[in-house]
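Structure, as structure tokens:
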Amino acid sequence: MIRSMSSISPDILLQQLQWRYATKQFDPAREIPSETWSSIEDSLALTPSSFGLQPWHFIVIKDQATKEALLPHSWNQVQVTECSHFVVLAAKTEMNDSEIDRFLARTVELRGGDIADLAGYRDMMSGFVNQMDEAARLQWAKLQTYIALGQLMTSAATLGIDACPMEGIVPGKYDDILKLSEKGLTTSVACALGYRSSDDKYASLAKVRFEKADLITTI
């Protein structure tokens with residue numbers, strides 16, 4: 001039986017999305033409560049991905065010294081050091097058959113059944129992953145992390161948490177500082193989260209968006 005789920009109203013959703021903006025100044029004295037952050041992490045773990053393969057890992061940075069080390073490699077954007085939690089979204093550099101088998105083992109663990117029954121699905125996933133060269137696989141994995149970034153930002157806004165997505169970083173330097181290469185990961189994008197400062201002038205500016213008619217076509 002399919003369960004019906006309660007939901008927030010369309011008005012509340014749009015209210016929160018209107019409220020959010022790319023926060024430029026955070027209040028460094030305010031920390032996201034642990035229970036709220038746990039829900040944000042859960043939302044990250046629930047992010048959809050191609051085939052469900054989840055070709056990513058998320059590094060949550062609260063340590064101030066690590067934030068300070070990343071700052072010069074982030075165009076000196078103070079969001080890095082002033083935010084409560086700084087998330088680096090990293091892509092897996094090796095997406096191969098062993099990753100597919102790991103995912104299928106997890107599928108059987110949660111859903112039951114026999115892994116042999118998933119042989120056709122395995123072949124399909126393996127064919128997709130292995131028809132790409134190494135550079136294409138990495139690009140695919142990095143693009144997947146942007147799905148997670150969108151989920152992270154929307155979940156945060158729904159919970160009243162400010163965020164700022166950040167592509168103005170030097171991925172190679174991030175990889176070095178966080179020792180990601182030895183973990184089979186590479187930096188894709190980052191996001192600062194916390195609470196806006198009352199001094200952030202950007203909080204009150206109108207959003208600049210094209211009209212829906214300019215952006216959406218219904219066929």
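Computed from the coordinates by the stated procedures, all read-outs in this text should not be read as laboratory data. Bear in mind the structure is a predicted one, so any value in this text is a computation, not a measurement. Here the Cβ is made from the backbone with ideal geometry for all residues, glycine too, and neighbour counts use every protein chain on show.
Any chance region 25-38 includes a residue that's of a type in the set (Phe, Trp, Tyr) and closer than 30 Å to Ser126 by Cα?
no
Only one of Gly150, Gly120, Gly168, Gly194 is farther than 28 Å from Thr36 by Cα and small (Gly, Ala, Ser). Can you tell me which?
After applying the criteria, what remains is Gly120.
Taking region 38-69 as the search range and keeping residues that are aliphatic (A, V, I, L, M) and without any contact (Cβ under 8 Å) to a residue 24 or more places away in the chain, which one is nearest to Lys142 (Cα to Cα)?
Only one residue fits best here, namely Ala45.
Could you count how many residues in region 166-214 are under 18 Å from Gln79 (Cα atoms), assigned to a strand (DSSP E or B) and in contact with a Leu (Cβ under 9 Å, 6 or more places away or on another chain)?
So the answer is 6.
Filtering region 81-103 down to residues that are within 23 Å of the chain's Cα centre (by Cα) and assigned to a helix (DSSP H, G or I), which residue is surrounded by the most Cβ atoms within 10 Å (Cβ to Cβ)?
Selected residue: Ile100.
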